[in-house]
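Written below as structure tokens is the structure these notes are about.
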Amino acid sequence: MNGGHLHSLIPLFRPLRLSITLLILGGWLLQGCQPSRPPGKLVVGTRSRIDSVDPAQTYSIGAMQVLSALGDTLYTIGADGRPRPQLATALPRLSADGTRARIPLRAGVRFHDGTPFDAAAMVFTLERFIAIGKLSYLLGDRVRAVRRVAPLELELELKRPYSPLPQLLSAVNLTPLSPTAYRQHRKGFLNNRFVGTGPYQLSFYSTQQQRLVPFAGYWGRRPANSGIDLVTLSNSTALYGALRSGEIDVLLSTSIEGDQQSSLQALAQRGELREGSGPALEIGYLTLLTDRPPFNDQRLRLAVAHSLDRPTISARVTRDLRPPLRDLVPPTLPGSDPEAWPAYDPDRARALYRQAGYCDGSRLTLPLTFRSNIPADRLFALTWQAQLRRDLGDCVTLEITGMEATTAYRQLGDGNFPMILLDWMGDFPDADNYLSPLLDCDQAAGDRCLAGASAASGSFWTAPGLVNDLQRSSRIAGPARTALLRQVQRRTAAASPYLPLWLVAPRAWARPHVSQLRFDGSGRLILRDLSLQPRTGTVKP
């Protein structure tokens, strides 16, 4: 919200409470006429509409949160960022040339329908994902074949050595599926049902609500609660009001408006709410179209890089909830280089604009597209516009245009946006999953990418030898890999086809009677750890 006051919104909360209550209770009534919430059950509110629970079909942050409770993965990422076996019992055993990986699997695991989990089930799941997955490239670009070599041993034949293989296999999209339940959906999606191995079963699904009940046959640590209801409320004010009034127990969202996040943070600091945050794995960044004017001129791209006052923008737009970022790789991951990109320097920016023929009676128009349905994007555009007018108004003017996000994504690879604000969160926490989606290129002509990830991302930029360095970085490990990843970033920063802006950490707030909020190393709230404690008071609305 821009310049609003929270107390002016309070009258809006009361009429919303009835609709929220009806949404929550309506779901329970589908399974029986229960007038109140069952003991030990929690209600979690989010802005993320869940259009599918098929891991091959969906990839939104909200859907991954749900699937992380319904399914297990071969490996998980701990709070320290290291991979740990989950359905695997050890890290992959690699062949001498690094192209074959054998993975031992956990015994005694069953799917929600009673089907045993084994290597054949894992082969079924991975082959299905490669065949129909919306993100099939995650495996298809790296894995040549998947085989069962023993009842509880899996073999992956890799197209080339890939050192972050355990991180890749922690991706929730690769959670195993029951071959019995999905036999008729080998070549098609099963959007409204999920049968996996996780600590919860899905007992009810709609796009606005998902009910999770503990799986009695779970092999591991059981949930500390008697179930979770996840409800989607698309209105930020409704979510804020629902938590304040007690209609929901937990608010899981980084996309509610900045003033409301700050208010919840203040309540948590006073002990009136609980607050938790996970590792910051989402980045916001600008993409510059580098194969046509004005940004085919590297001087202008660097001038724009030096024109971006990240600290001021972060403070004014997000009240420092999103810290400034000069790096395409989140700082918690090996290969991060926190000062790779040019810092704010209006004098250097003005010199570069002058070299390109501006500032002396001529101003460059910088066209920026922002996603009109994302409040922080609009505030960023307006704040940067004002900052440029103040600091470099004799050289540049920012022309801003809003466009609905899904429409913008469809047009991104067509080269329709000279400059656009976007965000990205890797499907698994490794530097390769941040750099490759922006920098990979299948066909190039000099420093222009004609086909591949760089073209699809809207920058169309590459450099001789860059893709080879990226591929080499995924074949090596340790300090040598970290050094090469930083070298790739420095080379990209010097050309500035992308400008990192800020870093986003997942956040959650809860009523005081909810246990501590904990996140895993992939940035997802651990739902099974949530429990209800005796109520000791209420938060004043």
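Brief remarks follow.
- Options R371, R389, R363: the member that is at pLDDT 95 or above, touching a strand residue (DSSP E or B) at 6+ places or on another chain (Cβ under 8 Å) and loosely packed, with under 14 Cβ neighbours inside 10 Å: R389
- Within region 469-498, tally of residues that are exposed (fewer than 15 other Cβ atoms within 10 Å of the Cβ), more than 19 Å from L325 (Cα to Cα) and either among the charged types (D, E, K, R) or not assigned by TED's automatic domain parsing to the domain that holds V329 (or both): 1
- Residue in region 173-180 that is crowded, with 24+ Cβ neighbours inside 10 Å and either in the same structural domain as D54 (by TED's automatic domain parsing) or not in a loop (DSSP other than H, G, I, E, B) (or both) present: yes
- Within region 93-124, the set of residues being touching a residue at least 40 places away in the same chain (Cβ under 8 Å), under 27 Å from the mean Cα position of the chain (by Cα) and farther than 24 Å from R221 by Cα comprises just one member, F124.
- Between F189, F194, the distinction of being assigned to a loop (DSSP other than H, G, I, E, B), crowded, with 21+ Cβ neighbours inside 10 Å, touching a helix residue (DSSP H, G or I) at 6+ places or on another chain (Cβ under 9 Å) and among the hydrophobic types (A, V, I, L, M, F, W, C) belongs to F194 only.
- Check on Y353, part of a loop (DSSP other than H, G, I, E, B) and buried (at least 19 other Cβ atoms within 10 Å of the Cβ): no
- One residue from V231, V213 being touching a residue at least 40 places away in the same chain (Cβ under 8 Å) and either surrounded by fewer than 18 Cβ atoms within 10 Å (Cβ to Cβ) or within 23 Å of Q533 (Cβ to Cβ) (or both): V231
- The set of residues in region 405-423 being touching a Ser or Thr at 6+ places or on another chain (Cβ under 9 Å) and within 25 Å of A56 (Cα to Cα) consists of A405, A408, L412, G413, L422.
- Yes/no for P338 being free of Cβ contacts under 8 Å to residues at least 24 places away in the same chain, outside any helix (DSSP H, G or I) and either within 24 Å of L503 (Cα to Cα) or touching a Pro at 6+ places or on another chain (Cβ under 8 Å) (or both): yes
- A count restricted to region 499-527 and to residues that are in a strand (DSSP E or B) and of a type outside the set (G, A, S) stands at 11.
- Criterion violated by G465 - all others in (1) at negative phi; (2) free of Cβ contacts under 8 Å to residues at least 12 places away in the same chain; (3) of a type in the set (G, A, S) satisfied: (1)
- When Q57 is tested against (1) buried (at least 21 other Cβ atoms within 10 Å of the Cβ); (2) more than 21 Å from P161 (Cα to Cα); (3) out of contact with any strand residue (DSSP E or B) (no Cβ under 7 Å at 6 or more places or on another chain); (4) not small (G, A, S), just one condition goes unmet, and that condition is (1).
- Within region 249-284, tally of residues that are more than 21 Å from the chain's Cα centre (by Cα) and either among the acidic types (D, E) or in a loop (DSSP other than H, G, I, E, B) (or both): 6
- Residue within region 316-325 that is within 21 Å of L438 (Cα to Cα) and out of contact with any Ser or Thr (no Cβ under 7 Å at 6 or more places or on another chain) present: yes
- Some residue of region 175-195 being within 17 Å of A63 (Cα to Cα), touching a residue at least 40 places away in the same chain (Cβ under 8 Å) and small (G, A, S): no
- Hits in region 131-155 (condition: of a type in the set (A, V, I, L, M), surrounded by fewer than 17 Cβ atoms within 10 Å (Cβ to Cβ) and either within 21 Å of the chain's Cα centre (by Cα) or under 18 Å from G71 (Cβ atoms) (or both)): I132
- Against the numbered list (1) farther than 29 Å from P367 by Cβ; (2) among the hydrophobic types (A, V, I, L, M, F, W, C); (3) assigned to a loop (DSSP other than H, G, I, E, B), L484 comes up short only at (3).
- Hits in region 308-330 (condition: assigned to a loop (DSSP other than H, G, I, E, B), within 17 Å of W341 (Cα to Cα) and touching a strand residue (DSSP E or B) at 6+ places or on another chain (Cβ under 7 Å)): L308, P323, L325, R326, D327, L328, P330
- Of all the listed residues (D113, D118, D80), the sole one being in the same structural domain as L165 (by TED's automatic domain parsing) and at pLDDT below 95 is D80.
- Lone unmet requirement of (1) surrounded by 19 or more Cβ atoms within 10 Å (Cβ to Cβ); (2) assigned by TED's automatic domain parsing to the domain that holds S515; (3) within 26 Å of G521 (Cβ to Cβ) for R326: (2)
- Single residue of S307, S314, S262 found to be closer than 30 Å to D391 by Cβ, in contact (Cβ under 8 Å) with a residue 60 or more places away in the chain, of a type in the set (S, T, N, Q) and touching a Lys or Arg at 6+ places or on another chain (Cβ under 8 Å): S314
- Residue check, A305 surrounded by 21 or more Cβ atoms within 10 Å (Cβ to Cβ), over 27 Å from S277 (Cβ atoms) and either in contact with a strand residue (DSSP E or B) (Cβ under 8 Å, 6 or more places away or on another chain) or at pLDDT 95 or above (or both): yes
- So T538, is it among the β-branched types (V, I, T) and modelled with pLDDT under 95: yes
- Looking only at residues in region 444-468 that are among the small types (G, A, S) and part of a strand (DSSP E or B), the one that is surrounded by the most Cβ atoms within 10 Å (Cβ to Cβ) is A444.
- Of the strands (runs of 3 or more DSSP E) entirely within region 356-443, those holding at least 1 residues that are among the hydroxyl-bearing types (S, T, Y) occupy 364-371, 396-403.
The values are calculated or read from the model by the stated rules, or taken from the named source; none is laboratory data. This is a predicted model, so every value here is computed, not measured. All Cβ positions, even for glycine, are placed from backbone atoms using ideal geometry, and neighbour counts span all protein chains on display.
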